[in-house]
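One structure is given below, encoded as structure tokens.
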Ligand code: ADP
Ligand code: MG
């Protein structure tokens, strides 16, 4: 550890020299008042990815109460809170752009609406640390030593002062943050005992600002009110303030039961918005998001059509059999491969893949489903004989999915009453308010049997056959680099020379999750082979991440956030080079 003076001396010495002179900083640590600065990497030029530095204060100095970091959930949420506080402090305490390229920019990879395990901040018994990006300043390609001094000697310590200790960090806000995450986890934990797959608290704000923004919709949103028939009350470990002043340690809302649940209703009445909130309910949300008390089983997977996607050796026989011969597509649907799936085959593959890694709740929306995958009505059955139709529609499998495999479904379906026969629960959204219309729907199903379709099931439903990915089919190399992985936003991942299209993976919410998936896949090659199926591989990956943490994925701190096993598998399955062996 060197002194602040040593840092000042170095920066003065290299002032005006070529940019490479900054490399001298690499690997060094400096004492800056009560904080220490560790320089991990130094960028090669002012336009390259900014330099990576860590700012750390001893835990004692940070004065963080032990209760805020007790247990995994609280620690992750507190780290998330610190990263956000540092992001705010950067806005206040830094001047930003000064010089060419990324000169003067200071950044941290704090998250958006979800609270995720991420590498941006680490809080241990010994220290509080944040990982920053710093654009070392230059005029053209000459070192701006004085400016660098200002950034490293003044701005970074100011950030540490403003956001790395109590009471500058608000204890009440930090507490609210960790308690919000803990409440969410507690709701999730209570779901199975109540026979539920999801919970949406009364008063939740579900709509978002826009299709492109995950922020809550302002003002006009109609708060969620559960229908009395489906209302349940769950316990909260951390009481919430209530309007009458007495803290509430329980919360009521819609309990979505296990089995088959249909969300019906007129167009634009809030069906997809409710489903989307349920999709996102696998993650905790920040206070103020509106979905803090929406909780979904962690094994929930959104399944949608995604024509054009690649499929590798997937068993889709439960839904599709006897495909006509076509170019570049295998005909055996027990082991279906294609470089260009159709709407229905892509949805069948995504569904089988979700089951393969352990999905216990499937979420489908008519808006993003293939019509012929979902249903074939009585008239179409009369015209096209089942012998000539390779698809067993989802309506004929959804009951078995639950009764045979124990997998529940929540389905948005405003366009077909054929699902009334197979649903356990029917919820109608009317002007953003849910109603329980199960009885009415069942009555209609019984009263109108003449229009009834015949069920089409060639064989009983079985779990899809497992697949073992081949390590040799994953190649993260590009150019001279052994591992070259770039997240392009949240929904595209460059893996070596391949680009994985993740637009259909809707429960991926953060570009740092995407980046982490790339590194995980590179790492996971070591565990493939010897008949290790996708499910076992994901178990292995999860235990590695549980034990070693995200930091173990890189040899220097990267901007990473923890993905779920389902999204890791989804990316693996969309790798164009993937080859598998059937198990
Ligand atoms: P549907 O799937 O039934 O056609 P959507 O869920 O897409 O309807 O919702 C239609 C519009 O209504 C969207 O712009 C959405 O943001 C908005 N919306 C959804 N829920 C609410 C609500 N509770 N309050 C206000 N607007 C809402
Ligand atoms: Mg919709």
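The values are calculated or read from the model by the stated rules, or taken from the named source; none is laboratory data. Bear in mind the structure is a predicted one, so any value in this text is a computation, not a measurement. Note: ideal-geometry Cβ built from the backbone for every residue, glycine included; neighbour counts use all protein chains shown.
Rundown of residues vs (1) modelled with pLDDT of 95 or more; (2) touching a strand residue (DSSP E or B) at 6+ places or on another chain (Cβ under 8 Å); (3) crowded, with 19+ Cβ neighbours inside 10 Å, yes/no style:
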residue	(1), (2), (3)
139	yes, no, no
143	yes, yes, yes
158	yes, no, no
181	yes, no, yes
204	yes, yes, yes
218	no, yes, no
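Do we find a residue being outside the structural domain of residue 394 (by TED's automatic domain parsing), within 16 Å of ligand 2 (Cβ to nearest atom) and under 26 Å from the mean Cα position of the chain (by Cα) anywhere in the stretch 252-261?
Taking every residue of the stretch 252-261 in turn, at least one turns out to be outside the structural domain of residue 394 (by TED's automatic domain parsing), within 16 Å of ligand 2 (Cβ to nearest atom) and under 26 Å from the mean Cα position of the chain (by Cα).
Out of the residues in the stretch 266-299 that are within 14 Å of ligand 2 (Cβ to nearest atom) and assigned to a loop (DSSP other than H, G, I, E, B), state the one that is surrounded by the fewest Cβ atoms within 10 Å (Cβ to Cβ). If you could, list the steps in order and put the result at the bottom.
Initially, the stretch 266-299 is screened for residues within 14 Å of ligand 2 (Cβ to nearest atom), giving 266-279.
So of that shortlist, the ones also assigned to a loop (DSSP other than H, G, I, E, B) come out as 266-270.
Numbers: 266: 12, 267: 9, 268: 12, 269: 19, 270: 21.
Here the answer is 267.
Quick check on the stretch 313-334. Is at least one of its residues part of a helix (DSSP H, G or I) and away from ligand 2 (no atom under 16 Å from the Cβ)?
Narrowing the stretch 313-334 to residues part of a helix (DSSP H, G or I): 333-334.
From the residues that got through so far, the ones that are away from ligand 2 (no atom under 16 Å from the Cβ) too are 333-334.
Checking the stretch 313-334: at least one residue is part of a helix (DSSP H, G or I) and away from ligand 2 (no atom under 16 Å from the Cβ).
More than 16 Å from ligand 2 (Cβ to nearest atom), part of a helix (DSSP H, G or I) and either touching a helix residue (DSSP H, G or I) at 6+ places or on another chain (Cβ under 7 Å) or in the same structural domain as residue 61 (by TED's automatic domain parsing) (or both): does that describe residue 229?
Spelling it out, it is not the case that residue 229 is more than 16 Å from ligand 2 (Cβ to nearest atom), part of a helix (DSSP H, G or I) and either touching a helix residue (DSSP H, G or I) at 6+ places or on another chain (Cβ under 7 Å) or in the same structural domain as residue 61 (by TED's automatic domain parsing) (or both).
Tell me, which residue of the stretch 300-328 that is touching a strand residue (DSSP E or B) at 6+ places or on another chain (Cβ under 6 Å) and surrounded by fewer than 24 Cβ atoms within 10 Å (Cβ to Cβ) is nearest to residue 461 (Cα to Cα)?
320
Conditions: (1) touching a residue at least 12 places away in the same chain (Cβ under 8 Å); (2) not assigned by TED's automatic domain parsing to the domain that holds residue 361. Residue 308 meets all but one. Number of the miss?
So the condition that residue 308 fails would be (2).
This table checks each residue for (1) under 30 Å from residue 232 (Cβ atoms); (2) surrounded by 17 or more Cβ atoms within 10 Å (Cβ to Cβ).
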position	(1), (2)
407	yes, yes
418	yes, yes
425	yes, yes
435	yes, yes
456	no, no
459	no, no
468	no, yes
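Mind checking which pairs have a first residue in the stretch 120-141 that is free of Cβ contacts under 8 Å to residues at least 60 places away in the same chain and outside the structural domain of residue 562 (by TED's automatic domain parsing) and a second that is surrounded by 18 or more Cβ atoms within 10 Å (Cβ to Cβ) and assigned to a loop (DSSP other than H, G, I, E, B), Cβ under 6 Å, 6 or more apart or different chains?
So the pair list comes out as 139/99; 140/100.
So, in the stretch 484-515, how many residues would count as being exposed (fewer than 15 other Cβ atoms within 10 Å of the Cβ) and over 30 Å from residue 285 (Cβ atoms)?
Adding up the residues that qualify gives 1.
Being touching a residue at least 24 places away in the same chain (Cβ under 8 Å) and more than 30 Å from residue 21 (Cβ to Cβ), is that true of even one residue in the stretch 89-107?
Yes.
Would you confirm whether any residue within the stretch 187-203 is free of Cβ contacts under 8 Å to residues at least 12 places away in the same chain, closer than 30 Å to residue 82 by Cα and either part of a strand (DSSP E or B) or more than 11 Å from ligand 1 (Cβ to nearest atom) (or both)?
Looking for residues that are free of Cβ contacts under 8 Å to residues at least 12 places away in the same chain, closer than 30 Å to residue 82 by Cα and either part of a strand (DSSP E or B) or more than 11 Å from ligand 1 (Cβ to nearest atom) (or both), one finds at least one in the stretch 187-203, hence yes.
So residue 441 ticks every box in (1) surrounded by fewer than 19 Cβ atoms within 10 Å (Cβ to Cβ); (2) closer than 30 Å to residue 224 by Cα; (3) modelled with pLDDT of 95 or more but one. Which box is left unticked?
Among (1) surrounded by fewer than 19 Cβ atoms within 10 Å (Cβ to Cβ); (2) closer than 30 Å to residue 224 by Cα; (3) modelled with pLDDT of 95 or more, residue 441 violates only (1).
Collect the residues in the stretch 17-43 that are modelled with pLDDT of 95 or more and over 16 Å from residue 149 (Cα atoms), keeping them in residue-number order.
18, 20, 27, 40, 41, 43 - these are the residues of the stretch 17-43 that are modelled with pLDDT of 95 or more and over 16 Å from residue 149 (Cα atoms).
Could you pull out the residue among 210, 272, 252 that is touching a strand residue (DSSP E or B) at 6+ places or on another chain (Cβ under 6 Å) and within 12 Å of ligand 1 (Cβ to nearest atom)?
On the way: 210 fails: touching a strand residue (DSSP E or B) at 6+ places or on another chain (Cβ under 6 Å); 252 fails: within 12 Å of ligand 1 (Cβ to nearest atom).
Among 210, 272, 252, only 272 is touching a strand residue (DSSP E or B) at 6+ places or on another chain (Cβ under 6 Å) and within 12 Å of ligand 1 (Cβ to nearest atom).
Check residue 372 against each of (1) within 16 Å of ligand 2 (Cβ to nearest atom); (2) touching a helix residue (DSSP H, G or I) at 6+ places or on another chain (Cβ under 7 Å); (3) free of Cβ contacts under 8 Å to residues at least 40 places away in the same chain and name the one condition it does not meet.
With respect to (1) within 16 Å of ligand 2 (Cβ to nearest atom); (2) touching a helix residue (DSSP H, G or I) at 6+ places or on another chain (Cβ under 7 Å); (3) free of Cβ contacts under 8 Å to residues at least 40 places away in the same chain, residue 372 is out only on (1).
Quick check on my filter: what residues within the stretch 103-126 are outside any loop (DSSP other than H, G, I, E, B) and within 15 Å of residue 563 (Cα to Cα)? So that I can check it myself, show each step before the final result.
Keep residues of the stretch 103-126 that are outside any loop (DSSP other than H, G, I, E, B), which gives 106-108, 114, 118, 121-123.
Answer for the stretch 103-126, where residues must be outside any loop (DSSP other than H, G, I, E, B) and within 15 Å of residue 563 (Cα to Cα): 114, 118.
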